[in-house]
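A quick write-up on the structure given underneath.
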Amino acid sequence: MGFRSIFLFVLIPGALFFACDPERNYQEDSDARLGFTLDTVYFDTVFTTIGTITESFRIKNPHNQFIRIEDISLAGGESSVFRINVDGKPGVHFSGIEIAPKDSMYVFVEATLDPNKSNDILRIQDSIVFLTNGNIQDIDLVAWGQDVHIIRDSVIDVSTTWSADKPYLILNYAYVDSMSSLTIEPGARIYLHRDAMLYVEGSLQVNGTMDEPVLFAGDRLEEFFDDKPGQWGLIYLSELSQGNRINYAEIKNGTIGILISAPPESGNMPDLEISNTIINRMSSNGIYALNAVVTGTNLVVGDCGGSCAGLIYGGSYQFTHCTFANNWPTYYSNRQLPALFLADYFGNVDEEGTLSVYVGGEFEKAEFMNSIIYGSSRMELVIDSYEDRQLNYRFDHCLTRIDEDSLDYLADPLFTSIINNENPLLDSVPVRYELDTLSPAIDAGLHAHAVEIPFDLNGNNRLGDDAPDLGAFERIEE
């Protein structure tokens, strides 16, 4: 069926492999059965050529006497797509395994699948058969495999389109040359292996739709990894990159969602228009922009180990109807940065531990309208200038979490119509961050800011009631 072998490891604490001790009593009743903690080992859909996580179950001897397993074997024999390893010994057939009274045997299962030469997800099944006192029992092994386009150390030097026929898997990096573009069609799924990146010096066009968003995620598809950050590297838009657009995408579980940067002395400012997109569960920053041009609308950036958005070293930024919500779990790490961080400098520590501070150019603008900036820390909005310059920012009709002892926003004319330190009551956290029915963000926006963005991330009309809601979602009562 085109699948490579699947490995199964068996560790046997308390199990005995030596000959029968005549002083021991053995359960020899033909009705005696082994116990199992499950009847089937399932693997979620996995990419062909990429190994799975390890699954496990236990074989138990529920009796008050020793029991001898006469035979453990794979039903498929030597031609089976599964392979077992018992106590460090590979093979497909083992005999004479003994387990002490009330003891158990751990079984660990891993899978690696070969390409199936199909766009469809294919199922493969086998079983482990146990023969005990003439009594036959089995455990089913079931796996599903999905073929992928493998992108390994790839240089894209002609304009290229990735379709939605089957997933793309980036190993190490995919590099878009400065004279080329990468277009990603609706419904495409882009998976990145550990530390892998999409490096763009040309142009990136992500053309998702509301019904068929484009997905960027780690390549572990098992349920355990659904909400685990830091599984892959980043999307990097370099100083030469221009004309980037991301529409209707979900970017999750990486290290940095989007890094877009250029040193001021380069004379370049990479740009990005990002809309109708959710960036979630990044172990560092959701968006990290250094001297760049970024426009964001209907954007959600949630739970990050750093900032949801770090706008550093100057640039030009405008965010309208965006939600920056950082409730990073403390069991991952203690977050030190606010949900939104604006600064005209950045620091770098070299290998010798020496700190260097680089002061950037001016902020042409940093505007936030009809947006939510909130999280689990007392101070989720920090504005800092290394030389105490007045930065060019504006916050209009926003819900914020600001420690008033640290930032006197009430005395700052660049803050207008602010709801501060009121919980926005975000629903469906940490998946979409929609508004609960009692949220103070409902009808708190300015109509003029919503005119060019009349529909929210769900396609709901913002202009159909008294005033638009703050953030990326409009609350619609049933």
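The values are calculated or read from the model by the stated rules, or taken from the named source; none is laboratory data. Predicted model only: the values in this text are computed from it and were never measured. FYI the Cβ positions are ideal-geometry reconstructions off the backbone, even for glycines, and counts take in every protein chain you see. The accessibility values were calculated without ligands, DNA or RNA, using every heavy atom of the protein model including side chains. Shrake-Rupley method; radii C 1.70, N 1.55, O 1.52, S 1.80 Å.
Just want the answer: with Cβ charges of +1 for Lys and Arg and -1 for Asp and Glu, which residue in Ser154, Pro264, Ala32 is farthest toward the dipole's positive end in the chain? Sorting the options by dipole projection puts first Ala32.
Label zone of Asn64 (point 7 Å out along Cα→Cβ, amide N under 17 Å): in region 94-112 this covers 100-103.
What is the magnitude of the charge dipole of region 110-163 about its Cα centre, with +1 placed on the Cβ of each Lys and Arg, -1 on the Cβ of each Asp and Glu, and no other charges, expressed in debye to the nearest 20?
Taking the Cα centre of region 110-163 as origin, the dipole is about 80 debye.
Among the trypsin sites (Lys or Arg not before Pro) in region 363-422, those placed in a DSSP loop whose Cβ has at most 13 other Cβ atoms within 10 Å are Arg378, Arg389. The largest accessible area among Tyr331, Tyr358 belongs to the first residue in Tyr331, Tyr358, and the rest follow in falling order (1.4 Å probe, all chains). Three principal axis extents describe the C-alpha atoms of region 319-478; from largest down they are 59, 38, 29 Å. Computed from point charges on the beta carbon alone (+1 for Lys and Arg, -1 for Asp and Glu), the dipole magnitude for region 236-382 about its Cα centre is near 600 Debye. Selection among Phe57, Ile419, Leu204 by position relative to the dipole of the chain gives Phe57 as farthest towards the positive end (Cβ unit charges, Cα centre). Straight-line reach from Lys252: taking Cα to Cα under 18 Å and skipping same-chain neighbours fewer than 8 places apart, the lysines in range are Lys228.
In debye, nearest 20, what is the charge dipole magnitude of the chain about its Cα centre with +1 on Lys and Arg Cβ and -1 on Asp and Glu Cβ, if you could check?
In total the dipole reaches around 1100 debye.
Helices in the chain, meaning DSSP H runs of at least 4 residues, each add -39500 (n - 2.57). Divided by all residues, the mean residue ellipticity at 222 nm is 0 deg cm²/dmol.
Across the protein chains, with a 1.4 Å probe defining accessible surface, the residues Thr437, Thr330 rank Thr330, Thr437 from largest area downward. For the chain, the square roots a ≥ b ≥ c of the C-alpha gyration tensor eigenvalues yield an a/c of 1.5 or more together with a/b exceeding b/c, which makes the shape prolate.
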